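Below is one structure; the comments refer to it alone.
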Amino acid sequence: MNGGRHKVKIQEALHRLIIWTHAQVRIYFLFALLFMVPNAVFFVTEPLELPVRVAAFLMPLGVWLILLAAARKPGIVAWCLLPKIMLDGGQLIALSVFGESVIAVDMLLNLTSSNASEASELLTNILMVLAGVFFCYTVPTLWLAYRSVRGRDQLERSFRRRWAGIGMVLFVIGWGLGKVPANMYDRLSWRYDVYPLNAVYNIGFAIRKAERNSNYAQTSADFRYEATKLIAAADKREIYVLVVGETSRAMEWSLYGYERPTTPRMESTEGLVYFRDAVTQSNNTHKSVPIILSPACAEGYDVLYHTKSIVTAFKEAGFHTLVIANQKLTTSMIGSYYREADQFIDLSAIPTGSLLTSHHDGEIIPYLRAQLAQTSGNLFVVLHTYGSHFNYRERYPEAFRHYTPDKAEAIRPAYREQLRNAYDNSIAYTDQVLSEVVELLRQQEACSAMLYLSDHGEDIFDDARARYLHASPIPTYYQLHIPYLIWFSESYRQAFPQKYAEAQAHAETPISTNTVFHTMLDMAAVRTNMSDSTKAVTSEAYQVCDRMYLGDHDDPIPFWELGLKKQDFEMLDRWGIAYRK
Ligand SMILES: [Zn+2]
């Protein structure tokens, strides 16, 4: 009985709404309102000076008022603006996920480069958002457009003229306000500040960048490092291993002071130097790993397209080169790097034989052992692990379920404890895998060393912002602070005592991911035409400089000027990360 009355009431309300929206004047204003929804959010979230913020709102509003007045039925204009309505949908989804920022170049490139299993892990999480935006924004907008076109009435000439004029005035006021800030950099930028132009610009940027990535093989074909090995360790084979970690954050390592004993093996490893103040130059795998593996850095990212990777540098210096990757990266720039090696073992191409979508990192060890036995002479190895990438629980075997419960039903703040437990288990497993690599190298009685670092960190609902995962347009402390360590074998310490001493001397020094290329080559006493000893932590020439972060348009930005929040600065201070205050 009650339900029936409700039903009648809802029907009546809907009927009234349909009649109310019928007049073209109302539809005109409703469109203007709907078109400005993303801009209204940006008005609150974007860190712009007030006049610029107002300008970034008034100018598009003016344009929509003018355009909507161009036809007798505003629905006709709305249908012509269908791409904008679709873009708005995407933008609103991005805003729901990240809470700020225009659709970024990195978001677009990640959409096309993530592998299927990774995408499906996250899809369930944004499915609700997707449905919400579709039914609350896209469908009503298109329905209004349909109503407008089907309606018999039309906007009057005088109305159209008046509101086009008002639109023009708003546009001009906005244009003037955009020029108010005294500092040129704070003034309104069409490319960066005005939605939807900034989103369109980013789409264009992403397309151009994808093209450059796919042309890498051609643009770098003629490059040579002219690498030479300066000194050899007397009578001994030299083996250098670079372990590229994934999504590991320093604060979760007991080596760095975490209260849970997650990394006991690394803590008790002799000859280990860990760098306390290491931050990444990007929170995005597809940008961070190329910086780790090449001479490119945030301050000079374009070098990437005209040089080759560290693998080629070692190869030219007479090393046999081996890559074992536990991530599916064959189609990316990183995949091109790995194919430069004499031998590339792609674990992602080998079936797991279980329900898991990827292998545990420990499965790298037997391949490494076999290759160490089969090869002789100097060897350079890159091990690309899957580390602590979401879904954390799939990253470690049953024996590493130290912290339970570790099964989170979804990525939601309610499951923070489970997510954190699973994450810590994955760190403990990384500790185990690294200790196995060290043990294998020890058994070789070679002059060897291993450098491990993570490509970036992760958010796991750490504070009131309820942020999760990584690769957000503006990073957090949690995504920036990474573990970075080097193990030197006894033979190495005897052969190159000076380099070991320099590493120890720099353990407290601020460093970034851009030091890996130069440090690895310096450790091996290999000189190239790209060598920069001021970026090698094993060199006395190492220089501390302002640490840059690779922005969305591949531009260098000091990491403390990215738009980090109060909570991030508190954590940076707590962990003693240096930045310009
Ligand atoms: Zn990553």
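Screening Arg208 on (1) more than 17 Å from Asp554 (Cα to Cα); (2) surrounded by fewer than 13 Cβ atoms within 10 Å (Cβ to Cβ) shows it passes everything except condition (1). Does Thr307 satisfy the criteria of being more than 21 Å from Asp361 (Cα to Cα), modelled with pLDDT of 95 or more and among the β-branched types (Val, Ile, Thr)? Against the criterion (more than 21 Å from Asp361 (Cα to Cα), modelled with pLDDT of 95 or more and among the β-branched types (Val, Ile, Thr)), Thr307 qualifies. Among the conditions (1) away from the ligand (no atom under 16 Å from the Cβ); (2) over 27 Å from Tyr477 (Cα atoms); (3) assigned to a helix (DSSP H, G or I); (4) open to solvent by less than 10 Å² (accessible area, probe 1.4 Å), the only one that Val323 does not satisfy is (3). Residue count for region 15-24 satisfying the condition of being at pLDDT below 85, part of a helix (DSSP H, G or I) and surrounded by 10 or more Cβ atoms within 10 Å (Cβ to Cβ): 5.
Is there a residue in region 337-359 that is within 16 Å of the ligand (Cβ to nearest atom), within 17 Å of Asp424 (Cβ to Cβ) and in contact (Cβ under 8 Å) with a residue 40 or more places away in the chain? Checking region 337-359: not a single residue is within 16 Å of the ligand (Cβ to nearest atom), within 17 Å of Asp424 (Cβ to Cβ) and in contact (Cβ under 8 Å) with a residue 40 or more places away in the chain. Within region 254-270, the set of residues being part of a loop (DSSP other than H, G, I, E, B) and either within 16 Å of the ligand (Cβ to nearest atom) or open to solvent by less than 10 Å² (accessible area, probe 1.4 Å) (or both) comprises Thr262, Thr263. Looking across region 203-238, just one residue is β-branched (Val, Ile, Thr), assigned by TED's automatic domain parsing to the domain that holds Gln91 and in contact (Cβ under 8 Å) with a residue 60 or more places away in the chain, and that is Ile203. Say whether the condition of being more than 16 Å from the ligand (Cβ to nearest atom), more than 24 Å from Lys229 (Cα to Cα) and either open to solvent by less than 50 Å² (accessible area, probe 1.4 Å) or free of Cβ contacts under 8 Å to residues at least 60 places away in the same chain (or both) is met by at least one residue in region 276-294. Checked region 276-294: at least one residue is more than 16 Å from the ligand (Cβ to nearest atom), more than 24 Å from Lys229 (Cα to Cα) and either open to solvent by less than 50 Å² (accessible area, probe 1.4 Å) or free of Cβ contacts under 8 Å to residues at least 60 places away in the same chain (or both).
Can you go through Leu109, Leu92 and tell me which one is more than 30 Å from Lys179 (Cβ to Cβ) and either of a type in the set (A, V, I, L, M, F, W, C) or at pLDDT 95 or above (or both)? Just one listed residue meets the conditions, Leu109. Does any residue of region 391-414 turn out to be β-branched (Val, Ile, Thr), in the same structural domain as Ile292 (by TED's automatic domain parsing) and closer than 28 Å to Gln443 by Cα? Within region 391-414, not a single residue is β-branched (Val, Ile, Thr), in the same structural domain as Ile292 (by TED's automatic domain parsing) and closer than 28 Å to Gln443 by Cα. For region 193-251, the tally of residues that are within 16 Å of the ligand (Cβ to nearest atom) and not β-branched (Val, Ile, Thr) stands at 6. Taken as a whole, region 484-492 holds no residue that is under 23 Å from Thr430 (Cα atoms) and at pLDDT below 95. In region 375-414, the qualifying residues are those that are in contact (Cβ under 8 Å) with a residue 40 or more places away in the chain and small (Gly, Ala, Ser), and the one that is farthest from the ligand (Cβ to nearest atom) is Ser376. Counting only residues that are open to solvent by 40 Å² or more (accessible area, probe 1.4 Å) and charged (D, E, K, R), which one in region 538-551 is farthest from Asn284 (Cα to Cα)? Ranking the candidates gives Glu540 first. In region 459-480, which residue that is within 15 Å of the ligand (Cβ to nearest atom) and of a type in the set (Phe, Trp, Tyr) is modelled with the highest pLDDT? For region 459-480, the residue satisfying everything is Tyr478. Applying the criterion of being outside any helix (DSSP H, G or I) and surrounded by fewer than 24 Cβ atoms within 10 Å (Cβ to Cβ) to the residues of region 298-307, the residue that is nearest to the ligand (Cβ to nearest atom) is Tyr301.
Among the residues making up region 194-253, those that are assigned to a loop (DSSP other than H, G, I, E, B), closer than 30 Å to Asn378 by Cβ and of a type in the set (Ser, Thr, Tyr) are Ser220, Tyr225, Ser248. Would you confirm, using the coordinates I've provided, whether Ile27 is modelled with pLDDT under 85 and either aliphatic (A, V, I, L, M) or open to solvent by 80 Å² or more (accessible area, probe 1.4 Å) (or both)? No. When only residues in region 374-419 that are outside any loop (DSSP other than H, G, I, E, B) and in contact with a helix residue (DSSP H, G or I) (Cβ under 6 Å, 6 or more places away or on another chain) count, which is surrounded by the fewest Cβ atoms within 10 Å (Cβ to Cβ)? Going through the qualifying residues, I end up with Arg393.
The values are calculated or read from the model by the stated rules, or taken from the named source; none is laboratory data. Fair warning: this is a prediction, and the values are worked out from it, not measured in the lab. Please note: Cβ atoms are built from the backbone with ideal geometry, for glycine as well, and neighbour counts cover all protein chains shown. When the accessible area is computed, the model is the full protein with side chains, heavy atoms only, and any ligands, DNA or RNA have been set aside. Shrake-Rupley method; radii C 1.70, N 1.55, O 1.52, S 1.80 Å.
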